[in-house]
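Asks: Before I ask anything, here is the structure I am working with.
What follows is calculated from the coordinates using simple rules that are stated; it is not laboratory data. Everything numeric in this text was worked out from a predicted model, so none of it was measured. Ideal geometry is used to build each Cβ from the backbone, glycine not excepted, and the neighbour counts take in all protein chains shown.
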Amino acid sequence: MGFADLHIHSMYSYDGTASISAILKYVADNTDLNVIAITDHDSMEGVPEALDLAPYYNLEVIPGCEVSSRDGHVLCLFIERPIPPGLSLLETVLMAGNQGGICIAAHPLAKAVNSLTFDTIRRVLKHPVASKILIGVEAFNGGLVYTRGNSSVQQESRTLPLAQLGNSDAHILPMIGQGSSYYHGYSSTDLRNSILNHTTIPRKGNGLSGSAVFTSYIPRFVFRKLGWVSWNESPEKPITFKQINKLTSLNAMPQYLHS
Ligand SMILES: [Zn+2]
Ligand SMILES: [Zn+2]
């Protein structure tokens, strides 16, 4: 059996606070995850590095992206190129399918961020092609601002003909794995089959305590605004903080901007 966290943000998200290598090291040293996905907001800039480094950390990485569809955020996994934001959920899902990918509805009904409603998900599932691509829903999202509504989201998610998944939506290292999914097997192929067969089981993490929000989350977020991220030089070295090139920070903005 394996565990996967398929919703992790890196410094290539405007609000992500860790480098790719720091994420991989954290996962290897502190979690039991076999497979992760790097899913930055409308960017796949960190994916090539993650794929290159994953074997050094004994992990598998699924290329992914959290796409800001007009109808709400959706995770696109096993894709090769980012999908432009601002399209409808149906258009986004079909574009992911054209690349051989699958989609997971991220944090349905979550407040404060653009989130899918269950009605929108149901409408897209009536499309014969899209229903074979949008095959999972985040029944549990460990993100700080989403956690409270999770029990009702979990109940309503069960009414959908979709794989039930848990993810962390981590923007800081200590959140990684605070939401994950059990699946049959170990590899990313096993995981994909488990999602297809609806046999994944969400696993809830404890999340951050109230005090940890002040000691971990807020300081990292402030550092990120100043250009600093959690950094890792190699599997043997400890994770430190490093100031990143301003250009890198700019490149981390969404690759497709609305005119
Ligand atoms: Zn989101
Ligand atoms: Zn996210």
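Asks: To the nearest 0.05, how large is the calculated FRET efficiency for Ser151 and Asp32 if R₀ is 35 Å and r is the Cβ-Cβ distance?
Replies: So the FRET efficiency works out to roughly 0.90.
Asks: Could I ask something else about it? Over the range 7-135, what is the relative contact order in percent, taking alpha-carbon pairs closer than 8 angstrom and at least six residues apart?
Replies: Working: 259 pairs, mean separation 23.2, N = 129.
Relative contact order comes out at 18 percent.
Asks: Same structure again: Projected onto the charge dipole of the chain (+1 at Lys/Arg Cβ, -1 at Asp/Glu Cβ, origin at the Cα centre), which of Gly136, Ala105, Ser151 gives the Cα projection farthest towards the positive end?
Replies: The listed residue farthest towards the positive side: Ser151.
Asks: Right, something else. I need the calculated FRET efficiency for the pair Tyr182 and Ser88, taking r as the beta carbon distance and R₀ as 30 Å, to the nearest 0.05.
Replies: It comes out at approximately 0.40.
Asks: If you take the charge dipole of the chain about its Cα centre, with +1 on Lys and Arg Cβ and -1 on Asp and Glu Cβ, which of Ile176, Asn58, Thr120 is farthest toward its positive end?
Replies: Thr120
Asks: With the Cα gyration tensor of the range 1-134 giving a ≥ b ≥ c as the square roots of its eigenvalues, does the rule (a/c under 1.5 for rounded; else a/b larger than b/c for prolate; else oblate) give rounded, prolate or oblate? Don't jump to the answer; show the numbers that get you there.
Replies: Numbers: a/c = 1.92, a/b = 1.74, b/c = 1.10.
In terms of gyration-tensor shape, prolate.
Asks: Between Val129 and Lys204, what length in nm is gained on full extension when 0.36 nm per residue of separation is reduced by their alpha carbon distance?
Replies: Numbers: separation 75, 0.36 × 75 = 27.00 nm, distance 3.12 nm.
My answer for the length gained is 23.9 nm.
Asks: Still on this model: Whole angstrom only: what separates the Cα centroid of the range 150-227 from the Cα centroid of the range 43-82?
Replies: Centre-to-centre distance over Cα atoms comes out at 15 Å.
Asks: Could you compute the net charge surrounding Ile218? Neighbours are other residues with a C-beta less than 14 Å from the C-beta of Ile218; K and R count +1, D and E count -1. Kindly include the intermediate steps, with their values, before the conclusion.
Replies: On the way: positive: Arg220, Arg224, Lys225; negative: Asp15.
After counting each charged neighbour, the total is +2.
Asks: Moving on. What percent does the relative contact order of the range 17-69 come to when contacts are Cα pairs within less than 8 Å and at least six residues apart?
Replies: 43 percent
Asks: If you don't mind, there's one more thing I want to ask. Restricting to lysine pairs 8 or more places apart or on different chains, what number in the range 2-251 have Cα atoms under 17 Å apart? Show your work: numbers first, answer last.
Replies: Working: Lys25/Lys237; Lys25/Lys242; Lys225/Lys242; Lys225/Lys246.
Lysine pairs meeting both conditions in the range 2-251 amount to 4.
Asks: May I pose another question? If packing is taken as the average count of other Cβ atoms within 10 Å, what order do 130-141, 19-30, 79-90 fall into, highest mean first?
Replies: On the way: 130-141: 24.1, 19-30: 22.2, 79-90: 18.7.
By packing density, highest mean first, the sequence is 130-141, 19-30, 79-90.
Asks: For the chain, calculate the relative contact order in percent as a whole number, restricting contacts to Cα pairs under 8 Å that are 6 or more residues apart.
Replies: It rounds to 22 percent for the chain.
Asks: Measure off 7 Å from each Cα along the Cα-to-Cβ vector at Phe118 and Phe241, then give the distance between these two points in nanometres to one decimal.
Replies: If labels sit at Phe118 and Phe241, their model points lie 4.2 nm apart.
Asks: How large is the charge dipole for the range 5-123, taken about the Cα centre, if only the Cβ atoms of Lys, Arg (+1) and Asp, Glu (-1) carry charge, to the nearest 20 debye?
Replies: Details: 6 positive and 15 negative charges, 82 e Å.
Computed charge dipole of the range 5-123: roughly 400 debye.
Asks: To the nearest 20 debye, what charge dipole does the range 2-251 have about its Cα centre, counting +1 at the Cβ of each Lys and Arg and -1 at the Cβ of each Asp and Glu? It would help to have the intermediate numbers written out before the result.
Replies: Details: 19 positive and 21 negative charges, 119 e Å.
Result for the range 2-251 is approximately 580 debye, rounded to the nearest 20.
Asks: Select from Tyr12, Ser68, Val35 the residue farthest towards the positive end of the dipole of the chain; place +1 on Cβ of Lys and Arg, -1 on Cβ of Asp and Glu, and compute about the Cα centre.
Replies: Checked the options; the winner is Ser68.
Asks: As a check on your grasp of the helix formula, calculate [θ] at 222 nm for the chain: sum -39500 (n - 2.57) over DSSP H runs of n ≥ 4, divide by the residue count, round to the nearest 500.
Replies: Numbers: 8 runs with 67 residues, N = 259.
So the helix-based figure for the chain works out to -7000 deg cm²/dmol.
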